[in-house]
1. Limited to the stretch 83-124, what total is found for residues that are within 30 Å of Thr29 (Cβ to Cβ), touching a residue at least 24 places away in the same chain (Cβ under 8 Å), open to solvent by 60 Å² or more (accessible area, probe 1.4 Å) and part of a loop (DSSP other than H, G, I, E, B)?
2. Those residues that are in a strand (DSSP E or B), polar (S, T, N, Q) and open to solvent by 60 Å² or more (accessible area, probe 1.4 Å), I need them from the stretch 8-27; list them, please.
3. Collect the residues in the stretch 31-40 that are part of a strand (DSSP E or B) and basic (Lys, Arg), keeping them in residue-number order.
4. Could you list, in sequence order, the residues of the stretch 41-82 that are in a loop (DSSP other than H, G, I, E, B) and at positive phi?
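The values are calculated or read from the model by the stated rules, or taken from the named source; none is laboratory data. Remember, predicted model here, so these are calculated numbers, not experimental data. Here the Cβ positions follow ideal geometry from the backbone for every residue, glycine too, while neighbour counts run over all protein chains shown. Surface accessibility is based on the protein's heavy atoms, side chains included, excluding ligands, DNA and RNA. Shrake-Rupley method; radii C 1.70, N 1.55, O 1.52, S 1.80 Å.
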Amino acid sequence: MSVIRTSETRRSQTPAATMTTLASPTLGTADRPIWRVDVVAGAPSGPRHVIDVEQIWVFTDGAATVELAGESFAVAAGDTIVVPADAERSVAADPASGFSAIVTAPAGGQAWTLPREGDGIVPPWTV
């Protein structure tokens, strides 16, 4: 068993969000990474992108609009979305509230901003 203290979590910052790694293959030796996404009110939307593994998002605070495979979904605290592998997506925080979510996905997933070209990157909050 691993105990990961709050002081040991990793934070990754992008222009749109802060991702906090709660457990991963290199943090607590978890097989499946899990991280928190925090987006403040008024933050820019994340870019349209694809990830080659399924992700599960549980919204814990605030609200967002998720554009997924050509459809738009309004989500709020308590909602869960399952994002299929290779689905084009973007997430925009509610401008008044922002949002927080807990996310998990298989380790090693690669991401591409669109258009999808070349090699993907493994998001650092998942390693």
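1. Residues that pass the stated criteria total 3.
2. Of all residues in the stretch 8-27, those in a strand (DSSP E or B) come to 10-13, 18-24, 27.
The next check asks that each one be polar (S, T, N, Q); those that pass are 12-13, 18, 20-21, 24.
Listed by number, the list holds a single entry, Gln13.
3. Selection gives Arg36 alone.
4. If the condition is that a residue be in a loop (DSSP other than H, G, I, E, B) and at positive phi, then Gly42, Ala69, Gly70, Gly78 are the ones that fit.
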